[in-house]
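The next block holds one structure in the form of structure tokens; read it before the comments.
Read-outs throughout are calculated quantities, based only on the coordinates presented, and are distinct from any laboratory measurement. Everything quoted here is computed from the prediction, not taken from an experiment. Neighbour counts are summed over all protein chains in view; Cβ atoms, including those assigned to glycine, are modelled from backbone coordinates with ideal geometry.
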Amino acid sequence: MELADLAEELSGIVGARFVRTERAELATFASDGLPTLRRTPALVVLPGSAAEVSRVLAALHRRRVPFVARGAGTGLSGGALGEAPAALVTLTRLGRILELDPDNRRAVVEPGVVNASLSRAAAPFGLMYAPDPSSQTACTIGGNVAENAGGPHCLKYGVTTNHVLELEVALPAARPGGPISSAPSSAARACSASRRRSRCAWCRCRPRCARCWPTTRACGSRAKP
Ligand SMILES: Cc1cc2nc3c(=O)[nH]c(=O)nc-3n(C[C@H](O)[C@H](O)[C@H](O)COP(=O)(O)OP(=O)(O)OC[C@H]3O[C@@H](n4cnc5c(N)ncnc54)[C@H](O)[C@@H]3O)c2cc1C
């Protein structure tokens with residue numbers, strides 16, 4: 001792989017400041033929540049929109065460069081690590097809640113939305129996003145979907161796969177994305193297909209628990225209802 005050529009092409013898509021190739025910059029991405037494993041990628045690219053994700057994946061695919069998606073990097077399985085010559089596609093810039101529909105208890109989010117911020121946004125409507133890994137103030141919905149993350153609320157309400165209604169996925173061969181299914185199990189199916197990267201998720205919200213949201217902050221606290 002010609003790294004300089006690839007970096008230049010990707011810079012043309014996402015902007016030069018969102019392509020990292022320097023050793024010191026890459027060190028940040030060489031580990032995730034699993035401290036015993038380190039793998040330094042050849043390059044890190046941070047797309048800022050769904051369209052950029054598609055173009056980045058198409059470029060990597062055309063050049064036959066292996067790649068790995070990364071959310072917040074809190075995973076405990078080393079899943080967000082890519083060793084050179086792999087590229088790391090980091091989705092944290094896609095952090096927008098695109099739609100919040102309290103009547104249908106549904107939210108449309110980009111994959112880089114931080115888990116707890118969805119419940120925070122839904123709280124004024126008396127709703128919450130139930131899957132609550134203890135890392136919820138850092139981890140992203142994209143990472144939650146890939147890992148089928150859960151937490152204490154999941155004992156009652158189910159895990160991530162029970163709360164994702166549809167996924168829009170980007171394919172490396174740049175075929176159009178689009179919701180793949182309205183079945184609740186679609187998250188698991190989409191994520192088990194390797195080399196697909198989720199660009200957008202339709203999430204189910206639930207009525208907020210009386211006493212315990214967010215789990216990590218307010219459980220047992222009288223300050224917040
Ligand atoms: C202190 C701590 C507490 C934790 N507590 C829990 C817990 O209670 N319950 C629990 O289930 N987990 C827990 N975890 C593990 C971790 O937070 C979860 O697995 C979380 O879902 C990872 O999200 P992330 O955004 O950090 O993903 P990352 O670590 O960045 O990535 C995880 C996996 O998802 C893939 N991925 C990320 N984004 C996308 C995307 N957009 N499209 C496709 N694939 C993608 C990556 O390739 C990788 O395989 C904890 C971790 C820590 C450090």
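Descriptive notes on the structure:
- One chain, two ends: Arg93 and Leu37. Fully extended at 0.36 nm per residue, the span grows by 17.7 nm beyond their Cα-Cα distance.
- Under-5 Å amide H pairs with Ala72, H placed in peptide plane, nonlocal only: Thr140, Gly143
- Distant-in-sequence amide H partners of Glu166 (H built 1.01 Å from N, under 5 Å): Trp202
- P(r), alpha carbons of segment 108-164 - 10 Å bins starting at zero, rounded %: 27, 62, 11
- Evaluated at q = 0.10, 0.18, 0.22, 0.26 Å⁻¹: base-10 log I(q)/I(0), Debye formula over Cα of segment 3-90: -0.22, -0.70, -1.03, -1.35
- Loop trypsin sites (Lys or Arg not before Pro), segment 24-64, which have at most 11 other Cβ atoms in a 10 Å radius of their Cβ (DSSP): Arg64
- Only Lys, Arg (+1) and Asp, Glu (-1) charged, at Cβ; segment 33-92 dipole about Cα centre in debye: 180 debye
- Cut-off under 5 Å, modelled amide H: who pairs with Leu98 long-range: Val108, Val109, Glu110
- ³J(HN,Hα) computed for each position of segment 108-124 - Karplus, 6.51 cos²θ - 1.76 cosθ + 1.60, integer Hz, glycine/proline x: 10, 10, 7, x, x, 5, 6, 3, 5, 6, 5, 5, 5, 5, 7, 4, x
- The relative contact order of segment 25-160 comes to 20 percent, based on Cα pairs under 8 Å that sit 6 or more residues apart.
- Multiplying the residue separation of Glu25 and Ala51 by 0.36 nm and subtracting their alpha-carbon distance yields 6.9 nm.
- In Hz, Karplus ³J(HN,Hα) per residue of segment 135-147 (6.51, -1.76, 1.60; θ = phi - 60°; x = Gly, Pro): 8, 4, 7, 10, 6, 9, 4, x, x, 4, 5, 5, 9
- Label-to-label distance, nm, for residues given as Ser134 and Arg63 (7 Å Cα→Cβ offset): 4.0 nm
- Filtered GluC sites (Glu not before Pro), segment 9-47: DSSP coil and at most 13 other beta carbons within 10 Å: Glu22
- Among Gly78, Pro41, Ala58 - extreme Cα towards positive end, dipole of segment 37-113, charges at beta-carbon: Pro41
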